[in-house]
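Chemist: Can you read through this structure? Questions will come right after.
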Amino acid sequence: MYEATKSEAKWQKKWRESGIYKADLKNPVKPKYYNVTMFPYPSGDKLHVGHWYNYAPVDSWGRYMKLKGFEVFQPMGFDSFGLPAENYAIKTGVHPAETTRANIEKMKEQIRAIGGMFDLDLNLETSSPEYYKWTQWLFLQLYKKGLAYRREAPVNWCPGCMTVLANEQVQEGKCERCKSEVVQKKLRQWFFKITDYSEKLLDYDGLDWPEKTIAMQKHWIGKSEGVEADFRISEDQSKKIRIFTTRFDTIYGTNFVAIAPEHPKLFDYVSDSERAVVEKYVEASKKKSELERQMEGKQKTGVKTGMHAINPMNGEAMPIYVADFVLMYGTGSVMGTPAHDERDFQFAKVMKILAPQVIVAKDGDKYEDDVAEWSDTLHDDGIMVNSGPYTGMKNREALEKMASEMEIAGWGKKIVNYRLRDWLISRQRYWGAPIPIIYCEKCGEVPVPEKDLPVVHPHVKDYVPKGTSPLATVEEFVNVACPKCGGAGKREVDTMDTFVCSSWYFLRYPDAGNSAAAWDKKIVDKWMPVDMYIGGAEHACMHLLYARFIHKVMNDLGFVGSAEPFKRLVHQGTVTKDGAKMSKSKGNVVSPDEFVEKYGSDVFRMYLMFMGPFTEGGDWSDRGITGIARFVDRFWRCMELESDGAEFEVKVHQTVARVTESIEKMNFNTAISALMELTNAAFAKGLNKRQKEMISIVLAPLAPHLAEEVWESLGHGESIFTKSWPKADPKFLVKDVITYGIQVNGKLRGTVDLGKDVEKEEALAAARVVVAKYLTGEAKKEIFVAGKIIGFVV
RNA sequence: GCUCGGGUGGCGAAAUGGUAGACGCGCUGGUCUUAGGAACCAGUUCCGAAAGGAUUGAGAGUUCGAGUCUCUCCUCGAGCACCA
């Protein structure tokens, strides 16, 4: 009888004592493998099924790579600054410095109970001065390069969290964390100039990432190539209005211009007579929240400004409108071409702008002069019509020609636009890394000299968010001498977005104890890039984008040799309970503890992996865990029995091959089922020693404790994880006798067993006998695919 | 609305264009047992007594052969959402 609990405690202790999960970081002899999972934040809640669903496959993968002969580095730290830790502290009334400490210890114990080979002894915690010192250093490097700057801008304000948020943290107009409705505020805040890296971030060359994640990032960066053009104002020929379009080819159909209410120069384009109306409209749209704008959907509103722009192609005067469907990005004003843009069409309908004219016609042979209903078929590429000298050209070619001619004429140029905004990193919250900047009356904005780092995060009693940073209440912190002139200075009191802390932790792991630098380039370049990065898909446009940006900056500054941080990325799926995401508020959190206690960690983690492909997640149900428990039991019994194993030799090698293939594809579920099949076949008779050794090694990534126990029972003193992955002998993988299916007119009508080297004629002859009664009439076609199928068409 | 994924037994799920439903749960029957929610053996897609027939969300297409490829549609999930 295998006693999981006892055995697991024993092996966890042995692994820790022998340091088997430690990698030789400075001088890896074997090829390195850097296996990382997104580090957790200590929140005070226990580990739930979702954590296990993440960490178990990561660990199985790491153990597999270890058995394959790699020096595997599989560290884990804690993302301990940030809102989860702070909110937990607010809830319990205990200072975050204390709760964080306690929670990390608690979580470490729980993570150790999984029996993973995570290296938790590096003590990487983003809230410790040894770590955030270097987060501040990182800030200074960006500052020096002009990539960190402060400006006043309308920003997203979350009234629930009482802080500003980055664009990435606003979802459907609500705070990503607390779901409060986000409002716009104009504030002076710190930004990272991620937009400088828009183009570089679009390069995914050499990355093995899920297509979907790449698509999401690309969409978020939102590159569009278009044209910026100046239109003259007909009321005042000295004035121009600059518009942006991606469809310059449709300009002959343009019959209005629309400008965003927030446009700084809006009133340059408003006539005196319309001034009052426009002011009213601007006021009204300012009051609308992001959410209200979305609620209105495609219902367009706007008012005339009273001025007109001149269409440079045909000289027509077009009315200018102020309309809030135009966003204050890029030029903040657009040309309206109702026939070729649905929004323009909707707006034109509301404003009763008449007779939108088709410019690009499908196929060129049929088009309507006037568009009564907008249809996206009109949007297709095609042949130019109604377009003066360009009529008859292919529209994409016309676009190029028109744009070059315009550039020569000097009233516009081709440009590339991105929707990515700069990363707002200021937070008016307590539990984060202080921004290392001092404001001096004389010298202005002064960066804290690197030798003065860290800017120590002050202890504050009342850290409940009030809308301004709690750090501002600590006078000894705020008042400081200017590092430049020695005069009176005041510290920046905002803290950094926790995503800054998490954007570089994987660079710290290999050299976590370094007190002289953020990391030693030599060591880090040995380990970077991360070979396998596993974590949730929800970070696609946040952490995963920020980390790439920071890494590229560090690469450009010469601090790292690699251009990308994560070579291969895999997202685990989400485990739901009754179809809903597990959350404490819903009260549907499943705790692994009782199952681990009853069945052991091996059974629990295998059960999670057996649910299905781990990238897909699934709905939690404890029905069925007994199946894995039975398997473990049978497996153990199988290993206890001794036989010569002759009859299982083929099966053993096939199982090794199948498990290898499955794990290689990270299909842990089918790896387990292959082992089940073998166990079911052999558990009553047993295997020979060599066979047991092979099988226990291929089981080891999935059930490490059980595998160690078996290995030891086979008389080995050393850990199974010092061994190497077995190779299936190809001679056992080819069956001598193959059962062929026989199809007649595509329907299966029988089977026949044939030798592996059977000739076509012989096979067909044998098959004909089996399905004789279906072979009526004349045979039209006979099919023989070696190793696969025999077919007749009659 | 746009961009991705999915849709296969009562359930979780397998299937390089080649015998659909491996493996597991559950269920049915049996063996062993004072008893068993333990263990083992057998069965289990649906309809049908059987012969046989049907079957991978719906429909069409390509193919000797389609869960798998192509098109149209339905539906569920995720993400983005007036970026011109």
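Any read-out appearing in this document is the output of simple, stated calculations on the displayed coordinates, not a laboratory observation. Given the structure is predicted, the values throughout are model-derived calculations rather than measurements. So basically every Cβ, Gly included, is an ideal-geometry build from the backbone, and we count neighbours across all protein chains shown.
Chemist: Mind running the shape call on the range A:623-688? Use the C-alpha gyration tensor, a ≥ b ≥ c as the square roots of the eigenvalues: rounded below 1.5 for a/c, prolate if a/b tops b/c, oblate otherwise.
Modeler: oblate
Chemist: Something else: I'd like the Karplus ³J(HN,Hα) series for the range A:8-15: coefficients 6.51, -1.76, 1.60, θ = phi - 60°, whole numbers in Hz, and an x wherever there's a Gly or Pro.
Modeler: Result, ordered by residue: 5, 4, 4, 6, 4, 5, 4, 4 Hz.
Chemist: Hey, what number do you get for chain A at 222 nm if only DSSP H runs of n ≥ 4 count, each worth -39500 (n - 2.57), divided across all residues, to the nearest 500?
Modeler: -10000 deg cm²/dmol
Chemist: Of A:Val416, A:Met384, A:Val603, which is farthest on the positive side of the dipole of chain A, counting Cα position, with +1 on Lys and Arg Cβ, -1 on Asp and Glu Cβ, and the Cα centre as origin?
Modeler: Farthest along the dipole direction, towards plus: A:Val603.
Chemist: Within 15 Å, Cβ to Cβ, of A:Pro465, how many net charges do the neighbouring residues add up to if Lys/Arg are +1 and Asp/Glu are -1? Provide the component values of the computation, followed by the final result.
Modeler: Values: positive: A:Lys91, A:Arg177, A:Lys185, A:Arg427, A:Arg429, A:Lys461, A:Lys466; negative: A:Glu86, A:Asp462, A:Asp494, A:Asp497.
Residues near A:Pro465 contribute +3 overall.
Chemist: Rounded, prolate or oblate: which fits the range A:565-715 when a ≥ b ≥ c are the square roots of the eigenvalues of the alpha-carbon gyration tensor, with rounded for a/c under 1.5 and prolate only if a/b beats b/c?
Modeler: Here the range A:565-715 falls in the prolate category.
Chemist: Using DSSP to define loop residues, name the trypsin sites (Lys or Arg not before Pro) in the range A:449-517 whose beta-carbon has at most 14 other beta-carbon atoms within 10 Å. Spell out each step's value before the answer.
Modeler: Values: sites: A:Lys451, A:Lys461, A:Lys466, A:Lys484, A:Lys490, A:Arg491, A:Arg508; in loops: A:Lys461, A:Lys466, A:Lys484.
Those that pass, being in a loop and sparsely packed, are A:Lys461, A:Lys466.
Chemist: Quick query: amide H of A:Met318 versus all other amide H atoms, modeled in the peptide plane; which residues come in under 5 Å with a sequence gap of 5 or more or a different chain?
Modeler: Placed amide hydrogens put A:Ala309, A:Ile310, A:Asn311 under 5 Å from A:Met318.
Chemist: Rounded to the nearest 20 Debye, what is the dipole magnitude of chain A about its Cα centre when Lys and Arg each give +1 and Asp and Glu each give -1 at the C-beta?
Modeler: 1000
Chemist: Something else now. Quick check: the angle from helix A:704-713's long axis to the longest principal axis of chain A, C-alpha only, nearest 10 degrees?
Modeler: Taking Cα atoms only, the helix is inclined about 20 degrees.
Chemist: Hey, another quick one. How large is the direction-averaged shadow of the alpha-carbon convex hull of the range A:642-794, in nm²?
Modeler: Working: hull surface 45.2 nm².
With every direction weighted equally, the projected area is 11.3 nm².
Chemist: Okay, next question. Tell me which lysines have Cα within less than 18 Å of A:Lys223's Cα, excluding those fewer than 8 residues away on the same chain?
Modeler: A:Lys193, A:Lys200, A:Lys212, A:Lys413, A:Lys414
Chemist: Using only Cα atoms, what is the ratio of the radius of gyration of the range A:656-703 to 2.2 N^0.38 Å?
Modeler: Values: Rg = 10.5 Å, N = 48, 2.2 N^0.38 = 9.6 Å.
After normalising by residue count via 2.2 N^0.38 Å, the value is 1.10.
Chemist: For chain A, report the translational diffusion coefficient in µm²/s to the nearest whole number, using Stokes-Einstein at 37 °C, 0.692 mPa s, and a Kirkwood Rh over Cα pairs.
Modeler: Using the Kirkwood radius from Cα pairs, D works out to 105 µm²/s.
Chemist: Now for a separate question. For the range A:30-113, report the % of Cα-Cα distances exceeding 21 Å.
Modeler: 38
Chemist: Here's a follow-up. Starting from a Cα-only point model with no solvent, please compute log10 I(q)/I(0) by Debye for the range A:180-282 at q = 0.13, 0.14, 0.15, 0.23 1/Å.
Modeler: -0.84, -0.92, -1.00, -1.24
Chemist: Between A:Lys584 and A:Ala317, what's the calculated FRET efficiency when r is the beta-carbon distance and R0 is 56 Å? Round to 0.05.
Modeler: On the way: r = 62 Å, r/R0 = 1.10.
FRET efficiency, A:Lys584 to A:Ala317: 0.35.
Chemist: Could you work out the pair-distance distribution P(r) of the range A:20-163 from its alpha-carbon pairs, with 10 angstrom bin width and percents rounded to whole numbers?
Modeler: Calculated P(r), rounded to whole percents: 10, 30, 31, 21, 8, 1.
Chemist: On the first, second and third principal axes, largest extent first, how far apart are the outermost C-alpha atoms of the range A:118-257 in Å?
Modeler: Per principal axis, max minus min of the Cα coordinates gives 70, 40, 35 Å.
Chemist: Quick check: convex hull over the Cα atoms of the range A:504-555, volume per residue in Å³, rounded to an integer? Intermediate results must be reported in sequence, preceding the final value.
Modeler: On the way: hull volume 4.3 nm³, N = 52.
Taking only Cα atoms, the range A:504-555 has a hull volume of 83 Å³ per residue.
Chemist: Using the Karplus curve 6.51 cos²θ - 1.76 cosθ + 1.60 with θ = phi - 60°, work out ³J(HN,Hα) for each residue of the range A:458-468 in order, rounded to whole Hz, and write x for Gly and Pro.
Modeler: x, 7, 10, 6, 9, 9, 5, x, 10, x, 10
Chemist: Using the Cα gyration tensor of the range A:143-211, with a ≥ b ≥ c the square roots of its eigenvalues, what is the shape: rounded (a/c below 1.5), prolate (a/b larger than b/c) or oblate (neither)?
Modeler: Here the range A:143-211 falls in the oblate category.
Chemist: Moving to a separate point now. For the range A:670-728, what Kirkwood radius comes out of the mean inverse Cα-Cα distance, in Å?
Modeler: One over the average 1/r among Cα pairs gives 11.8 Å for the range A:670-728.
Chemist: Work out from phi, with θ = phi - 60° and the Karplus expression 6.51 cos²θ - 1.76 cosθ + 1.60, the ³J(HN,Hα) of each residue of the range A:719-724, listed in order in whole Hz, and give x for Gly and Pro.
Modeler: Each residue's phi maps through the Karplus curve to give 5, 5, 7, 8, 8, 10 Hz.
Chemist: Regarding the range A:400-557, what is the average projected area of its C-alpha convex hull, in nm²? If you can, show how the numbers build up before the last one.
Modeler: On the way: hull surface 64.0 nm².
That works out to 16.0 nm².
Chemist: Going from the alpha-carbon gyration tensor of the range A:510-635, what semi-axes, largest first and in whole Å, does one get by taking the root of 5 times each eigenvalue? If you can, show how the numbers build up before the last one.
Modeler: Numbers: eigenvalues 294, 68, 37 Å².
Calculated on Cα positions only, the semi-axes equal 38, 18, 14 Å.
Chemist: Could I ask something else about it? So for the range A:746-794, what percent of the C-alpha to C-alpha distances run longer than 13 Å?
Modeler: The calculated P(r) of the range A:746-794 puts 53 percent of pairs beyond 13 Å.
Chemist: Between A:Ile738 and A:Asn680, with labels modelled 7 Å along Cα→Cβ, what's the label distance in nm to one decimal, could you check?
Modeler: It is 2.5 nm.
Chemist: Using only the alpha-carbon atoms, how far is helix A:275-287 inclined from the longest principal axis of chain A? Give it as 0 to 90 degrees, nearest 10.
Modeler: Helix A:275-287 sits at roughly 20 degrees to that axis.
Chemist: Where does helix A:49-67 land angle-wise versus the long Cα axis of chain A, in degrees 0 to 90, nearest 10?
Modeler: 60
Chemist: Go through A:Lys300/A:Lys394; A:Lys288/A:Lys490; A:Lys689/A:Lys735; A:Lys6/A:Lys66; A:Lys727/A:Lys788; A:Lys240/A:Lys286 and tell me which ones have a Cα-Cα distance over 30 Å in this structure.
Modeler: A:Lys300/A:Lys394; A:Lys288/A:Lys490
Chemist: Let me ask you something else. Putting +1 on Lys and Arg Cβ atoms and -1 on Asp and Glu Cβ atoms, find which of A:Tyr64, A:Val650, A:Ile90 reaches farthest to the positive end of the dipole of chain A.
Modeler: So the residue furthest toward the plus end is A:Ile90.
Chemist: Which aspartates and glutamates have a Cα less than 14 Å from the Cα of A:Lys218, not counting those fewer than 8 places away in the same chain?
Modeler: Result set, ordered by chain and number: A:Glu168, A:Glu199, A:Asp203, A:Asp205.
Chemist: Starting from the coordinates of the alpha-carbon atoms of the range A:1-54, obtain the Kirkwood hydrodynamic radius over all distinct pairs and give the value in Å to one decimal.
Modeler: Kirkwood radius, the range A:1-54: 14.7 Å.
Chemist: Oh, and also: Could you check what % of the DSSP bridge pairs in chain A are antiparallel, to the nearest 5? Write out the running numbers ahead of the final one.
Modeler: Details: 73 of 97 bridges.
Among the beta bridges of chain A, antiparallel pairing accounts for roughly 75 percent.
Chemist: How big is the range A:378-487 in terms of Cα radius of gyration and Dmax, in angstroms?
Modeler: In Å, with Rg to one decimal and Dmax whole: 27.7, 74.
Chemist: Could you work out the pair-distance distribution P(r) of the range A:90-177 from its alpha-carbon pairs, with 10 angstrom bin width and percents rounded to whole numbers?
Modeler: Bin by bin from 0 Å, the calculated values are 12, 24, 36, 24, 4, 0.
Chemist: Where in the range A:746-766 is the amide nitrogen less than 20 Å from a point lying 7 Å along the Cα-to-Cβ axis of A:Lys780?
Modeler: It comes to A:746-750, nothing else.
Chemist: Restricting to Cα atoms and excluding each atom paired with itself, what does the Kirkwood estimate give for the range A:704-771 in Å?
Modeler: About 16.0 Å, per the Kirkwood formula over Cα pairs.
Chemist: Follow-up question, since we're still on this one. Which net charge results when you count Lys and Arg as +1 and Asp and Glu as -1 among the other residues whose beta-carbon is under 13 Å from that of A:Met318?
Modeler: It works out to a net charge of -1.
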